[in-house]
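> Take this structure, written in structure tokens, and hold onto it; I'll ask about it next.
Please treat every number below as a calculation from the coordinates, not as lab data. None of these values were measured; they are calculated from a predicted model. Please note: Cβ atoms are built from the backbone with ideal geometry, for glycine as well, and neighbour counts cover all protein chains shown.
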Amino acid sequence: MIRKINYLIPVVAGVFGLSQFAAAHSVELKTRVDRPLIVKNGVEQKVIIKIDVAGLPIEKKLTRMPLNIALVLDRSGSMTGKKLEQAKQAAEMLVDQLAADDVFSLVMYDSDVDVLIAAQKVGNKRSTFKRAIRNIQAGGSTALYHGVETGGKQLAEYFGDEKINRVILLSDGIANIGPSSNRDISMLGQALAKRQISVSTVGLGDNYNEDLMTSLAEASDANYYYVADVEELPNVFEKELGELQSIVARKIVVEIICPKGVKPIRFYGRGEAFENRRGSVKFGTLAGDQSRELILEAMVDPSVFEAGAPMAEVVMTFDDAVKNENAQSMKREVVVGYTDDKSLAEKTRDQDIVAVAAIYQNVDESKKALALADSGDVAKCRTQIFSQIGNLKKAKEAAPAAWADAIQEEITVLEKTESTLDESRGLEKSGRKSFQSRIYSQSNSKQAVK
């Protein structure tokens, strides 16, 4: 997980590379660049723009948005014993923490799909819900697709734009009844996302399909959890519910527009593309005390770019979930200064941004390493990982002390991943799931504001 650092540079008029912001809403939009000074007569230069969308803390006295949750639990034969018992305990804990006006439904699946608790307001029914949960028994195969589909239908019964509508899926196995390919499941996730329904996924143990679970969560910008130890299930449910109970903004769209002479290249760790020097990223939700980070690489041609003009404009639209104000917007201009002194331009580079960019770049490289391992080319995978380690070590040497530990953590993860490579099998199950989980978490870019 990438740490969120509190920057110490003061916000004063005339400081290039650091945007000012207002706090009229429940969110903040901030931008910053690694090169506050561009060499005026130099060659084309790479500039890193960091965009932060941060949720402000929710005051306890404020009323949160009601939840519409469909819990979809795998009760196939592989869940027998401790897995199912812990899942049931986690489900009971979730019910205990819901408010009376929240809507809850429970879908169970094995070879068949059953709606154990139809969508309804919690009211004073917690004891009834918990008795039903305690009576769940395991058995059968894994009809995951139809389980999630049914969860979406339950949400539709009480669907409302004024609610947080989310499916929470828990599974320990591979879908083997009904549609079961990654493409099928991903398309289901996309269809639900179009209806403003998000799906968080919890993979338990080492025998489920993590690519399927990540693609389902990614389709709606929700969460994916890899739970190696069943004892951690209650903590995962608590984390998920805590985020849902503190949503401050929804339907967030961050658009970046660059002028002539500035070419946006890519967002590190993400797949969104650019067209005509414009690009956008969508976030489903933002919680209080949470930051969604974007790291944009752009190329600036000083011979074309008009000196003194903003090198980018960042426009964010969102629904303010705390103030119940829809279609709100914020705009920030990314401004840099100019100099003829190449040495000065290099000395003024923001090393905090350089360091965090190196970590996010490593996400893209880790995706390549994972693909090589999956293809069976272990030798190339090792070479890729060693290259990543070398690049991170160089970044660590130049990084401020506050970021050195975070970069070392990335190095340690890569070293551990490399050590689990097998010449004939590639990455062993738990190692692959752990590596994939880290990649997803960083691409998802949800950081705690500190």
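> Normalised by the empirical 2.2 N^0.38 Å for globular proteins, what value does the Cα Rg of region 67-245 take?
0.91
> Report the gain in length on full extension from residue 121 to residue 275: 0.36 nm times residue separation, minus Cα-Cα distance, nm rounded to one decimal.
On the way: separation 154, 0.36 × 154 = 55.44 nm, distance 4.50 nm.
That pair, residue 121 and residue 275, stretches by 50.9 nm at full extension.
> How far is the Cα center of region 331-372 from the Cα center of region 191-269, in Å?
A separation of 25 Å, based on Cα centres.
> Ok, one more. Estimate the FRET efficiency between residue 423 and residue 387 by the formula 1/(1 + (r/R0)^6), using the beta-carbon distance for r and 22 Å for R0, to the nearest 0.05.
It comes out at approximately 0.70.
> Hey, can you rank 116-129, 230-243 by average C-beta count inside 10 Å, highest first?
Result, highest mean first: 230-243, 116-129.
> Of the beta bridges DSSP finds with both residues in the chain, what % are antiparallel, to the nearest 5?
Of those bridges, close to 70 percent are antiparallel.
> Ok, one more. Place a label point 7 angstrom from the Cα of residue 206 along the Cα-to-Cβ direction, then list the residues of region 228-255 whose backbone nitrogen is under 19 Å away.
Answer for this model: 228-233.
> Just need the relative contact order of the chain here, percent rounded to a whole number, with Cα pairs under 8 Å and 6+ apart.
Values: 967 pairs, mean separation 92.6, N = 450.
The normalised contact order for the chain reaches 21 percent.
> Which links in 88/163; 121/446; 347/396; 40/260 stretch past 19 Å when you go from one Cα to the other?
Correct reply: 88/163; 121/446.
> Let me ask another. Treating only the Cα positions of region 386-450 as identical point scatterers, give the base-10 log of I(q)/I(0) from the Debye formula at each q in 0.14, 0.16, 0.21 Å⁻¹.
Debye output, listed in q order: -0.51, -0.64, -0.97.
> Here's something else I'd like to know. Please tell me the relative contact order of region 67-245 in percent, rounded to the nearest whole number, where contacts are Cα pairs under 8 Å and at least six residues apart. All intermediate terms of the calculation are to be shown ahead of the outcome.
Values: 374 pairs, mean separation 44.2, N = 179.
The normalised contact order for region 67-245 reaches 25 percent.
> If you don't mind, another one. Can you tell me which aspartates and glutamates have their Cα less than 19 Å from the Cα of residue 380? Leave out same-chain residues fewer than eight positions away.
364, 365, 415, 418, 422, 423, 428
> Which loop-located GluC sites (Glu not before Pro) does region 130-200 contain, where loop means any DSSP state but H, G, I, E or B and the Cβ has at most 14 other Cβ atoms within 10 Å?
162
> Then there's this: If amide hydrogens are placed 1.01 Å from N in the peptide plane, which non-local residues have theirs closer than 5 Å to the one on residue 321?
The list, which skips near neighbours in sequence, is 249, 250.
> So between residue 229 and residue 325, what do we pick up on full extension, going 0.36 nm a residue minus the alpha carbon distance? Walk me through the intermediate numbers first.
Working: separation 96, 0.36 × 96 = 34.56 nm, distance 4.13 nm.
Answer, rounded to one decimal: 30.4 nm.
> Using only DSSP helix segments of four residues or longer, with each worth -39500 (n - 2.57), what per-residue ellipticity at 222 nm results for the chain after dividing by its residue count and rounding to 500?
-11500 deg cm²/dmol
> If you don't mind, another one. How far is the Cα center of region 430-446 from the Cα center of region 30-91, in Å?
With region 430-446 and region 30-91 each reduced to a Cα centre, they are spaced 13 Å.
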